[in-house]
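Working notes for the structure below.
Just so it is clear, none of the values below were taken in a lab; they were calculated from the coordinates. Fair warning: this is a prediction, and the values are worked out from it, not measured in the lab. Methodologically, a virtual Cβ is constructed for each residue, glycine included, from the backbone with ideal geometry; neighbour enumeration extends over all protein chains shown.
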Amino acid sequence: MRLVIQRVSEAAVRIDEAISGAIYTGLLVFVGIGREDTEEDADYLLGKLVTLRIFPDETGKMNRDVQEAQGSLLLISQFTLYGDCRKGRRPSFDQAAPPDRAQGLYDYFVEAARRGPVAVETGVFQASMQVYLVNDGPVTILMDSNDRPNKSQKSLGKSQ
């Protein structure tokens, strides 16, 4: 799973001239689901996301998480995070999960986030969306569940 996280002072997603989700202070999160991703990947990234200390404290140091900043999450599915541009001029999306599988894991991620400590807004899976944001900082962070410690060793252990 891949996340592109942007600290925002406001963000909204519009679908067919209607606002689907909107937040003020918080995190706009683009969520990409890969072919090999699992609920374990979603749980890992969600745990990191809600405790990520990228909001300023009283001295201006990035030392608060989204809950401490009294912020919200705006989660938007985006399969293009798995675009591979290494060959040719058209990205390949072979590593992105098929839509039915991706939607199940995206829905799992959203529902798990809604059980957490902050308000959650969303876009609509597979919809054509217009995203509006004011990136605060700017602060943009990339996360990939494949980067978590010991994931590669766990995968190797399963195949033996």
Practice problem: Along Cα→Cβ, 7 Å out, is where each label goes; now give me the distance between the ones at Lys48 and Asn146 in nm to one decimal. | Solution: 1.3 nm
Quiz item: According to the square roots a ≥ b ≥ c of the eigenvalues of the Cα gyration tensor, what is the shape class of the stretch 36-78, taking rounded for a/c under 1.5, prolate for a/b larger than b/c otherwise, and oblate for the remainder?
Solution: prolate
Quiz item: Between the DSSP loop rule and a limit of at most 14 other Cβ atoms within 10 Å, which GluC sites (Glu not before Pro) in the stretch 1-99 are left?
Solution: Glu17, Glu36, Glu58, Glu68
Quiz item: From the backbone phi of the stretch 143-149, what are the Karplus-calculated ³J(HN,Hα) couplings (6.51 cos²θ - 1.76 cosθ + 1.60, θ = phi - 60°) in whole Hz, Gly and Pro given as x?
Solution: 9, 9, 5, 5, 8, 5, x
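Find how much the distance from Ser9 to Glu40 grows on full extension, using 0.36 nm per residue of separation minus their present alpha carbon separation; answer in nm with one decimal. List each step's numbers first, then the result.
Values: separation 31, 0.36 × 31 = 11.16 nm, distance 3.02 nm.
Net length gain for the segment: 8.1 nm.
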Exercise. Between the alpha-carbon centers of the stretch 5-20 and the stretch 77-93, tell me the distance in whole angstrom.
Key: 23 Å
Quiz item: What's the longest piece of the chain with no exposed trypsin sites (Lys or Arg not before Pro), counting a site as exposed if DSSP puts it in a loop and it has at most 15 other beta carbons within 10 Å?
Solution: 116-160
Practice problem: Find which of Ile54, Thr80, Ile23 sits farthest along the positive direction of the dipole of the chain, computed with +1 on the beta-carbon of Lys and Arg, -1 on that of Asp and Glu, about the Cα centre. | Solution: Thr80
Self-check item: For Asp37, residues with placed amide H under 5 Å, excluding near neighbours
Solution: none
Quiz item: With Cβ to Cβ distances under 12 Å as the rule, what net charge do the other residues near Ala11 carry (K, R +1; D, E -1)?
Solution: -1
Exercise. Collect residues whose amide H, placed 1.01 Å from N in the peptide plane, falls under 5 Å from the amide H of Ser20; neighbours closer than 5 in sequence don't count.
Key: Val13, Arg14, Ile15
Practice problem: Name the shape class, rounded, prolate or oblate, that the alpha-carbon gyration tensor gives for the stretch 53-160, where a ≥ b ≥ c are the square roots of its eigenvalues, rounded holds for a/c under 1.5, and otherwise prolate holds if a/b is larger than b/c and oblate otherwise. | Solution: prolate
Quiz item: Counting Lys +1, Arg +1, Asp -1, Glu -1, what net charge surrounds Ala112 among other residues with beta carbon under 10 Å of its beta carbon?
Solution: -2
Self-check item: Dipole magnitude (debye, nearest 20) for the chain, charges at Cβ of Lys, Arg, Asp, Glu
Solution: 600 debye
Practice problem: Before anything else, pin down the relative contact order of the chain: Cα pairs under 8 Å, at least 6 apart, normalised by residue count, whole percent. | Solution: 35 percent
